[in-house]
Amino acid sequence: MSDASLEGVRRPATGALAAAAVWLVGISPVSRVYLEPDPVRRLEMLRRGRRSWVVGQHIAAAGTAAVPAAFARVAISLPPGRAKVFAATAAVALAAGAPLFVSQLALRASDLERFAARRLPAWPFLAYSWLHVLALGSLSGDLAGLPHRGKEATALGLAAVGSGAVLATTGDIPPFVFYVSEQVAAASLLRRV
């Protein structure tokens, strides 16, 4: 596959890059809350930043919904072949996980106490996270099927394996890894060779 055949992917890749950036902005307003082990301090942080937290959850939900759509457009834009199949698999995994995470974001915005105490139902987040690990692995396969994208494919593959290992061990994900990895995938599709 030539780089010229990838020209039609650039616009959807720009959309994927922007969608992941929207999510990153939305998830960041009270970012240290994710790393704070004490539930009382987490709740204090959330109450102090309540307005930005609630707005952020809505922005993150918009990004969470936009990312699968953007990667679906990437998959549609790719010429037939292995890269297209992997991109489509990533888009399907992202689309399947998005409603699960959006529901969690709604709970995070509406019930600060339960979120701070880590008493929200765990299964939607875990299902979303495992689907996201699958998506990262698929994006790695997508890039591996394209010319001159080996380093990015390897980075995404390592991100998928590392995220899966952390998720299996801790029940959580490394902060920001998913969407930064998606930005790497989208940026790689924008890169001219």
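The values are calculated or read from the model by the stated rules, or taken from the named source; none is laboratory data. Everything numeric here is computed off the predicted structure, so don't read it as measured data. All Cβ positions, even for glycine, are placed from backbone atoms using ideal geometry, and neighbour counts span all protein chains on display. Side chains included, ligands, DNA and RNA excluded: accessible areas come from the protein's heavy atoms. Shrake-Rupley method; radii C 1.70, N 1.55, O 1.52, S 1.80 Å.
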Looking at the range 141-178, which of its residues are touching an Asp or Glu at 6+ places or on another chain (Cβ under 8 Å) and touching a residue at least 60 places away in the same chain (Cβ under 8 Å)?
-> L143, P147, H148
Name the single residue, out of those in the range 184-193 being assigned to a helix (DSSP H, G or I) and surrounded by fewer than 18 Cβ atoms within 10 Å (Cβ to Cβ), that is farthest from the chain's Cα centre (by Cα).
-> L190
So, of the residues in the range 55-83 that are open to solvent by 40 Å² or more (accessible area, probe 1.4 Å) and β-branched (V, I, T), which turns out to be nearest to V22 (Cα to Cα)?
-> I59
Is there a residue being among the aromatic types (F, W, Y), closer than 21 Å to P68 by Cβ and open to solvent by 30 Å² or more (accessible area, probe 1.4 Å) anywhere in the range 172-182?
-> yes
Name the one entry in E152, E113 that is open to solvent by 30 Å² or more (accessible area, probe 1.4 Å), closer than 23 Å to G49 by Cα and either modelled with pLDDT of 95 or more or outside any loop (DSSP other than H, G, I, E, B) (or both).
-> E113
Would you pick out the residues in the range 46-67 that are among the hydroxyl-bearing types (S, T, Y) and more than 15 Å from Q183 (Cα to Cα)?
-> S52
What tally of residues in the range 37-52 results from selecting those that are closer than 24 Å to T170 by Cα, under 24 Å from the mean Cα position of the chain (by Cα) and in a loop (DSSP other than H, G, I, E, B)?
-> 1
If you check V180 against the conditions, is it at pLDDT below 95 and closer than 19 Å to I59 by Cα?
-> yes
In the range 5-29, how many are more than 16 Å from A61 (Cβ to Cβ), touching a residue at least 24 places away in the same chain (Cβ under 8 Å) and not small (G, A, S)?
-> 7
Over the range 92-107, the set of residues of a type in the set (G, A, S) and either closer than 24 Å to L139 by Cα or crowded, with 17+ Cβ neighbours inside 10 Å (or both) is A93, A95, A96, G97, A98
Taking the range 116-140 and keeping only residues that are open to solvent by 30 Å² or more (accessible area, probe 1.4 Å) and either in contact (Cβ under 8 Å) with a residue 60 or more places away in the chain or farther than 18 Å from Y34 by Cβ (or both), one is left with A117, R118, W123, A127, W130, L131, L134, G137
Would you check if P147 is out of contact with any strand residue (DSSP E or B) (no Cβ under 7 Å at 6 or more places or on another chain) and either open to solvent by less than 20 Å² (accessible area, probe 1.4 Å) or not in a helix (DSSP H, G or I) (or both)?
-> yes
